[in-house]
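The values are calculated or read from the model by the stated rules, or taken from the named source; none is laboratory data. Just so it is clear, the structure is predicted and the values come from calculations on it, not from any experiment. Cβ: placed from backbone, ideal geometry, glycine included. Neighbour counts: every protein chain shown. For accessibility, only protein heavy atoms count, side chains too; no ligands or nucleic acids. Shrake-Rupley method; radii C 1.70, N 1.55, O 1.52, S 1.80 Å.
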Amino acid sequence: MSRVVLVTGGSRGIGAAAAVALAADGWDVGVNYRTQADEAARVVKACEELGRRAVAVQADVVEPDQIERLFDTVIAGLGPIGAVINNAGVVSPSGRVAEYDAERLDRVFRGNSISAFLVAGAAVRRMSTAYGGNGGVIINVSSRAAVLGSAGEYVDYAASKAAVDALTIGLGNEVAKEGIRVLGVRPGLIETEIHEPGRLDRIGTTPPLGRPGKATEVAEVIAFLASDRSSYMTGSSVDVAGGR
Ligand code: NAP
(Lines give C-alpha, C1' and ligand atoms only; values in the text may rest on other atoms or scores of the structure.)
Protein backbone atom coordinates (compact mmCIF):
# COMPACT_ATOMS: atom_id res chain seq x y z
CA MET A 1 0.00 0.00 0.00
CA SER A 2 1.15 3.52 -0.78
CA ARG A 3 2.68 5.57 2.05
CA VAL A 4 1.14 8.83 0.85
CA VAL A 5 -1.51 10.41 3.06
CA LEU A 6 -3.82 13.33 2.36
CA VAL A 7 -4.89 15.33 5.42
CA THR A 8 -7.80 17.71 4.86
CA GLY A 9 -7.64 20.79 7.08
CA GLY A 10 -3.98 20.03 7.70
CA SER A 11 -2.85 23.60 8.26
CA ARG A 12 -3.87 23.94 11.91
CA GLY A 13 -5.05 22.12 15.01
CA ILE A 14 -5.68 18.37 14.90
CA GLY A 15 -5.01 18.11 11.15
CA ALA A 16 -1.60 19.79 11.47
CA ALA A 17 -0.65 17.53 14.40
CA ALA A 18 -1.84 14.47 12.44
CA ALA A 19 0.26 15.48 9.42
CA VAL A 20 3.40 15.67 11.57
CA ALA A 21 2.64 12.43 13.46
CA LEU A 22 2.07 10.62 10.16
CA ALA A 23 5.31 12.02 8.72
CA ALA A 24 7.10 10.73 11.82
CA ASP A 25 5.54 7.33 11.05
CA GLY A 26 7.01 7.37 7.53
CA TRP A 27 4.18 8.84 5.47
CA ASP A 28 4.61 11.48 2.76
CA VAL A 29 1.92 14.08 3.36
CA GLY A 30 -0.48 16.15 1.29
CA VAL A 31 -1.44 19.07 3.54
CA ASN A 32 -4.75 20.59 2.52
CA TYR A 33 -5.81 24.02 3.73
CA ARG A 34 -8.56 26.47 2.86
CA THR A 35 -7.17 29.92 3.74
CA GLN A 36 -4.05 29.70 5.95
CA ALA A 37 -1.23 29.18 3.41
CA ASP A 38 1.49 30.23 5.89
CA GLU A 39 0.31 27.71 8.47
CA ALA A 40 0.17 24.96 5.83
CA ALA A 41 3.71 25.84 4.72
CA ARG A 42 4.89 25.48 8.33
CA VAL A 43 3.36 21.98 8.50
CA VAL A 44 5.01 21.02 5.19
CA LYS A 45 8.36 22.18 6.59
CA ALA A 46 7.86 20.15 9.79
CA CYS A 47 7.14 17.02 7.71
CA GLU A 48 10.20 17.65 5.54
CA GLU A 49 12.37 18.07 8.63
CA LEU A 50 11.29 14.54 9.56
CA GLY A 51 12.73 13.36 6.24
CA ARG A 52 9.45 12.99 4.39
CA ARG A 53 8.07 14.63 1.25
CA ALA A 54 5.11 17.00 1.66
CA VAL A 55 3.02 19.39 -0.40
CA ALA A 56 0.50 22.04 0.61
CA VAL A 57 -2.64 22.24 -1.53
CA GLN A 58 -5.30 24.92 -1.23
CA ALA A 59 -8.84 23.59 -1.69
CA ASP A 60 -12.21 24.12 -0.10
CA VAL A 61 -13.53 20.63 0.63
CA VAL A 62 -17.15 21.68 0.40
CA GLU A 63 -16.62 22.12 -3.37
CA PRO A 64 -16.59 18.89 -5.45
CA ASP A 65 -14.40 20.37 -8.22
CA GLN A 66 -11.83 21.54 -5.68
CA ILE A 67 -11.80 18.11 -4.01
CA GLU A 68 -10.99 16.49 -7.38
CA ARG A 69 -8.20 19.00 -7.97
CA LEU A 70 -6.90 18.41 -4.42
CA PHE A 71 -6.59 14.64 -4.90
CA ASP A 72 -5.11 14.98 -8.39
CA THR A 73 -2.53 17.54 -7.20
CA VAL A 74 -1.39 15.37 -4.28
CA ILE A 75 -1.13 12.30 -6.54
CA ALA A 76 0.81 14.29 -9.16
CA GLY A 77 3.21 15.58 -6.49
CA LEU A 78 3.65 12.55 -4.23
CA GLY A 79 2.20 9.48 -6.00
CA PRO A 80 -0.84 7.25 -5.32
CA ILE A 81 -2.66 7.95 -2.06
CA GLY A 82 -2.84 5.20 0.58
CA ALA A 83 -4.66 7.07 3.36
CA VAL A 84 -6.98 10.02 3.73
CA ILE A 85 -7.58 11.87 6.99
CA ASN A 86 -11.04 13.41 6.57
CA ASN A 87 -10.43 16.10 9.16
CA ALA A 88 -11.54 19.54 7.90
CA GLY A 89 -14.52 20.80 9.85
CA VAL A 90 -16.27 23.85 11.22
CA VAL A 91 -18.10 24.56 14.44
CA SER A 92 -21.20 26.69 14.80
CA PRO A 93 -21.66 29.56 17.28
CA SER A 94 -23.30 28.68 20.61
CA GLY A 95 -27.07 28.75 20.44
CA ARG A 96 -30.28 26.81 21.00
CA VAL A 97 -31.95 24.75 18.29
CA ALA A 98 -34.95 27.10 18.36
CA GLU A 99 -32.65 29.90 17.16
CA TYR A 100 -31.02 28.14 14.19
CA ASP A 101 -31.83 29.37 10.70
CA ALA A 102 -31.46 27.51 7.42
CA GLU A 103 -28.29 29.40 6.48
CA ARG A 104 -26.52 28.26 9.65
CA LEU A 105 -27.64 24.65 9.19
CA ASP A 106 -26.51 24.65 5.57
CA ARG A 107 -23.03 25.88 6.56
CA VAL A 108 -22.63 23.35 9.38
CA PHE A 109 -23.88 20.29 7.52
CA ARG A 110 -22.03 21.30 4.35
CA GLY A 111 -18.81 21.98 6.27
CA ASN A 112 -18.86 18.74 8.32
CA SER A 113 -21.14 16.08 6.79
CA ILE A 114 -21.39 16.77 3.04
CA SER A 115 -17.68 17.59 2.80
CA ALA A 116 -16.79 14.34 4.62
CA PHE A 117 -18.97 12.31 2.24
CA LEU A 118 -17.49 14.02 -0.83
CA VAL A 119 -13.89 13.53 0.33
CA ALA A 120 -14.56 9.88 1.27
CA GLY A 121 -16.12 9.25 -2.14
CA ALA A 122 -13.14 10.79 -3.92
CA ALA A 123 -10.85 8.61 -1.78
CA VAL A 124 -12.76 5.42 -2.65
CA ARG A 125 -12.61 6.20 -6.38
CA ARG A 126 -8.81 6.34 -6.13
CA MET A 127 -7.99 3.66 -3.54
CA SER A 128 -10.65 0.93 -3.97
CA THR A 129 -9.56 -2.22 -5.78
CA ALA A 130 -12.98 -2.07 -7.48
CA TYR A 131 -11.76 1.14 -9.17
CA GLY A 132 -8.29 -0.21 -9.99
CA GLY A 133 -6.64 1.14 -6.82
CA ASN A 134 -4.38 -0.60 -4.31
CA GLY A 135 -6.49 -0.14 -1.17
CA GLY A 136 -5.98 2.18 1.77
CA VAL A 137 -7.43 3.71 4.91
CA ILE A 138 -9.95 6.51 5.42
CA ILE A 139 -10.07 8.13 8.85
CA ASN A 140 -13.02 10.37 9.58
CA VAL A 141 -12.56 12.97 12.31
CA SER A 142 -15.90 13.13 14.08
CA SER A 143 -16.50 14.50 17.58
CA ARG A 144 -17.57 13.20 20.98
CA ALA A 145 -20.36 15.76 20.49
CA ALA A 146 -21.97 13.26 18.08
CA VAL A 147 -22.78 11.09 21.10
CA LEU A 148 -23.32 13.81 23.73
CA GLY A 149 -25.57 16.06 21.61
CA SER A 150 -24.13 19.44 22.76
CA ALA A 151 -27.39 20.81 24.19
CA GLY A 152 -27.48 24.61 24.43
CA GLU A 153 -24.25 24.93 22.43
CA TYR A 154 -24.46 23.40 18.97
CA VAL A 155 -26.79 20.48 18.47
CA ASP A 156 -26.43 21.02 14.71
CA TYR A 157 -22.66 20.47 14.91
CA ALA A 158 -23.24 17.33 17.00
CA ALA A 159 -25.75 16.01 14.46
CA SER A 160 -23.43 16.82 11.54
CA LYS A 161 -20.75 14.70 13.25
CA ALA A 162 -23.27 11.89 13.95
CA ALA A 163 -23.63 11.74 10.16
CA VAL A 164 -19.86 11.30 9.97
CA ASP A 165 -20.10 8.36 12.44
CA ALA A 166 -22.74 6.74 10.23
CA LEU A 167 -20.47 7.29 7.22
CA THR A 168 -17.69 5.44 9.04
CA ILE A 169 -19.94 2.44 9.73
CA GLY A 170 -21.72 2.30 6.37
CA LEU A 171 -18.77 3.02 4.11
CA GLY A 172 -16.59 0.73 6.21
CA ASN A 173 -18.96 -2.15 5.42
CA GLU A 174 -19.37 -1.05 1.79
CA VAL A 175 -15.67 -1.13 0.89
CA ALA A 176 -14.35 -3.75 3.32
CA LYS A 177 -13.74 -6.23 0.49
CA GLU A 178 -12.18 -3.54 -1.73
CA GLY A 179 -9.00 -3.11 0.31
CA ILE A 180 -10.18 -0.04 2.22
CA ARG A 181 -10.60 0.26 5.97
CA VAL A 182 -12.75 3.15 7.24
CA LEU A 183 -12.27 4.35 10.80
CA GLY A 184 -13.27 7.30 12.94
CA VAL A 185 -11.92 9.29 15.86
CA ARG A 186 -14.19 11.23 18.20
CA PRO A 187 -12.10 13.91 19.94
CA GLY A 188 -13.46 15.55 23.06
CA LEU A 189 -12.33 19.01 24.19
CA ILE A 190 -9.04 19.60 22.39
CA GLU A 191 -6.93 22.76 22.62
CA THR A 192 -7.21 24.30 19.14
CA GLU A 193 -8.48 27.53 17.62
CA ILE A 194 -11.87 26.02 16.75
CA HIS A 195 -13.40 27.02 20.11
CA GLU A 196 -15.19 30.28 20.83
CA PRO A 197 -13.03 32.58 22.99
CA GLY A 198 -13.22 31.58 26.68
CA ARG A 199 -14.86 28.16 26.07
CA LEU A 200 -11.81 26.11 27.02
CA ASP A 201 -11.22 28.25 30.14
CA ARG A 202 -14.86 27.75 31.11
CA ILE A 203 -15.20 23.98 30.64
CA GLY A 204 -11.65 22.74 29.99
CA THR A 205 -11.38 20.96 33.36
CA THR A 206 -14.76 19.17 33.10
CA PRO A 207 -13.54 15.96 31.38
CA PRO A 208 -12.85 13.15 33.90
CA LEU A 209 -9.11 13.49 33.20
CA GLY A 210 -9.45 17.10 34.44
CA ARG A 211 -7.98 18.91 31.45
CA PRO A 212 -8.50 19.52 27.75
CA GLY A 213 -6.62 17.28 25.32
CA LYS A 214 -3.80 18.29 23.00
CA ALA A 215 -3.98 17.96 19.23
CA THR A 216 -0.93 15.68 19.40
CA GLU A 217 -2.88 13.26 21.62
CA VAL A 218 -5.52 12.87 18.91
CA ALA A 219 -2.83 12.71 16.22
CA GLU A 220 -1.20 9.68 17.87
CA VAL A 221 -4.48 7.75 17.62
CA ILE A 222 -4.93 8.82 13.99
CA ALA A 223 -1.40 7.59 13.19
CA PHE A 224 -2.18 4.24 14.83
CA LEU A 225 -5.44 3.88 12.90
CA ALA A 226 -3.69 4.72 9.61
CA SER A 227 -1.06 2.05 10.23
CA ASP A 228 -1.13 -1.72 9.83
CA ARG A 229 -1.08 -1.89 13.63
CA SER A 230 -4.89 -1.47 13.43
CA SER A 231 -5.28 -4.00 10.61
CA TYR A 232 -8.33 -5.81 12.06
CA MET A 233 -10.30 -2.60 12.64
CA THR A 234 -12.86 -1.12 10.26
CA GLY A 235 -16.25 0.58 10.54
CA SER A 236 -15.63 1.74 14.11
CA SER A 237 -14.72 4.98 15.88
CA VAL A 238 -12.39 5.62 18.80
CA ASP A 239 -13.12 8.22 21.50
CA VAL A 240 -10.16 10.45 22.39
CA ALA A 241 -11.96 12.52 24.96
CA GLY A 242 -10.36 12.21 28.40
CA GLY A 243 -13.24 10.07 29.61
CA ARG A 244 -15.90 12.56 28.54
P1 NAP B 1 -9.14 24.20 13.66
O2 NAP B 1 -7.99 24.40 14.58
O3 NAP B 1 -10.17 25.27 13.53
O4 NAP B 1 -8.59 23.80 12.22
C5 NAP B 1 -9.51 23.56 11.20
C6 NAP B 1 -8.75 23.14 9.96
O7 NAP B 1 -9.70 22.79 8.96
C8 NAP B 1 -7.91 24.23 9.38
O9 NAP B 1 -6.77 23.62 8.80
C10 NAP B 1 -8.80 24.83 8.28
O11 NAP B 1 -8.07 25.43 7.22
C12 NAP B 1 -9.49 23.57 7.80
N13 NAP B 1 -10.77 23.74 7.13
C14 NAP B 1 -11.96 24.09 7.67
N15 NAP B 1 -12.92 24.06 6.72
C16 NAP B 1 -12.31 23.70 5.56
C17 NAP B 1 -12.76 23.51 4.24
N18 NAP B 1 -14.05 23.69 3.89
N19 NAP B 1 -11.86 23.13 3.30
C20 NAP B 1 -10.55 22.93 3.62
N21 NAP B 1 -10.07 23.11 4.86
C22 NAP B 1 -10.94 23.49 5.82
O23 NAP B 1 -9.99 22.89 14.09
P24 NAP B 1 -9.58 21.57 14.89
O25 NAP B 1 -9.99 21.77 16.30
O26 NAP B 1 -8.21 21.14 14.57
O27 NAP B 1 -10.62 20.56 14.26
C28 NAP B 1 -10.28 19.57 13.30
C29 NAP B 1 -11.40 18.56 13.26
O30 NAP B 1 -11.57 17.99 14.57
C31 NAP B 1 -12.74 19.15 12.87
O32 NAP B 1 -13.45 18.25 12.04
C33 NAP B 1 -13.45 19.31 14.21
O34 NAP B 1 -14.85 19.30 14.09
C35 NAP B 1 -12.92 18.10 14.94
N36 NAP B 1 -13.03 18.20 16.41
C37 NAP B 1 -12.33 19.14 17.09
C38 NAP B 1 -12.46 19.19 18.48
C39 NAP B 1 -11.74 20.20 19.32
O40 NAP B 1 -12.06 20.31 20.54
N41 NAP B 1 -10.78 20.95 18.80
C42 NAP B 1 -13.30 18.27 19.14
C43 NAP B 1 -13.98 17.35 18.39
C44 NAP B 1 -13.83 17.30 17.03
P45 NAP B 1 -7.46 26.95 7.32
O46 NAP B 1 -6.36 26.92 8.35
O47 NAP B 1 -6.89 27.23 5.96
O48 NAP B 1 -8.60 27.80 7.73
Could you please give the count of residues in region 1-45 that are open to solvent by 60 Å² or more (accessible area, probe 1.4 Å), at pLDDT 95 or above and under 22 Å from Asp228 (Cβ atoms)? 2
Kindly provide the set of residues from region 139-164 that are assigned to a loop (DSSP other than H, G, I, E, B), touching a residue at least 60 places away in the same chain (Cβ under 8 Å) and among the hydroxyl-bearing types (Ser, Thr, Tyr), ordered by number. Ser142, Tyr154
When you scan region 109-132, do you find a residue that is without any contact (Cβ under 8 Å) to a residue 40 or more places away in the chain, within 13 Å of the ligand (Cβ to nearest atom) and surrounded by fewer than 24 Cβ atoms within 10 Å (Cβ to Cβ), even just one? no
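Does region 61-81 contain at least one residue that is open to solvent by less than 30 Å² (accessible area, probe 1.4 Å), in contact (Cβ under 8 Å) with a residue 60 or more places away in the chain, assigned to a loop (DSSP other than H, G, I, E, B) and within 19 Å of Asn140 (Cα to Cα)? Working first, answer last.
Kept after step one, since they are open to solvent by less than 30 Å² (accessible area, probe 1.4 Å), are these residues of region 61-81: 61, 67, 70-71, 74, 78-79, 81.
Pick out the ones that are also in contact (Cβ under 8 Å) with a residue 60 or more places away in the chain and you get 70-71, 74, 78-79, 81.
Retained after the next criterion (residues that are assigned to a loop (DSSP other than H, G, I, E, B)): 79, 81.
Remaining after also requiring within 19 Å of Asn140 (Cα to Cα): 81.
Yes, some residue in region 61-81 is open to solvent by less than 30 Å² (accessible area, probe 1.4 Å), in contact (Cβ under 8 Å) with a residue 60 or more places away in the chain, assigned to a loop (DSSP other than H, G, I, E, B) and within 19 Å of Asn140 (Cα to Cα).
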Which numbered condition Gln36 misses (of (1) without any contact (Cβ under 8 Å) to a residue 60 or more places away in the chain; (2) in contact with a helix residue (DSSP H, G or I) (Cβ under 8 Å, 6 or more places away or on another chain)): (2)
Taking first residues from region 218-234 that are part of a loop (DSSP other than H, G, I, E, B) and second residues anywhere that are among the charged types (D, E, K, R), the pairs with Cβ under 7 Å that are 6 or more apart or on different chains are Ser227/Asp25; Met233/Arg181; Thr234/Arg181
Run down Ala19, Ala40 and say which single residue is under 21 Å from Ala76 (Cα atoms), near the ligand (Cβ under 9 Å from one of its atoms) and in a helix (DSSP H, G or I). Ala40
Out of all the residues in region 165-189, which are in a helix (DSSP H, G or I), more than 16 Å from the ligand (Cβ to nearest atom) and of a type in the set (Val, Ile, Thr)? Ile169
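Return a yes/no flag: does region 49-56 have any residue that is open to solvent by less than 20 Å² (accessible area, probe 1.4 Å) and part of a helix (DSSP H, G or I). Step through it out loud before you land on a result.
First, pick out the residues of region 49-56 that are open to solvent by less than 20 Å² (accessible area, probe 1.4 Å): 54.
In the following step, the residues that additionally are part of a helix (DSSP H, G or I) were identified as none.
No, region 49-56 has no match at all.
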The lone exception for Gly149 - which of (1) more than 16 Å from the ligand (Cβ to nearest atom); (2) open to solvent by 10 Å² or more (accessible area, probe 1.4 Å); (3) at positive phi it fails: (1)
Enumerate the pairs (first residue in region 200-217 and within 24 Å of Val43 (Cα to Cα); second residue anywhere and in a strand (DSSP E or B) and not polar (S, T, N, Q)) with beta-carbon separation below 8 Å, excluding pairs fewer than 6 apart on the same chain, so at least 6 apart or on different chains. Pro212/Ile190; Gly213/Pro187; Gly213/Ile190; Gly213/Val240; Lys214/Ile190; Ala215/Ile190; Glu217/Ile190; Glu217/Val240
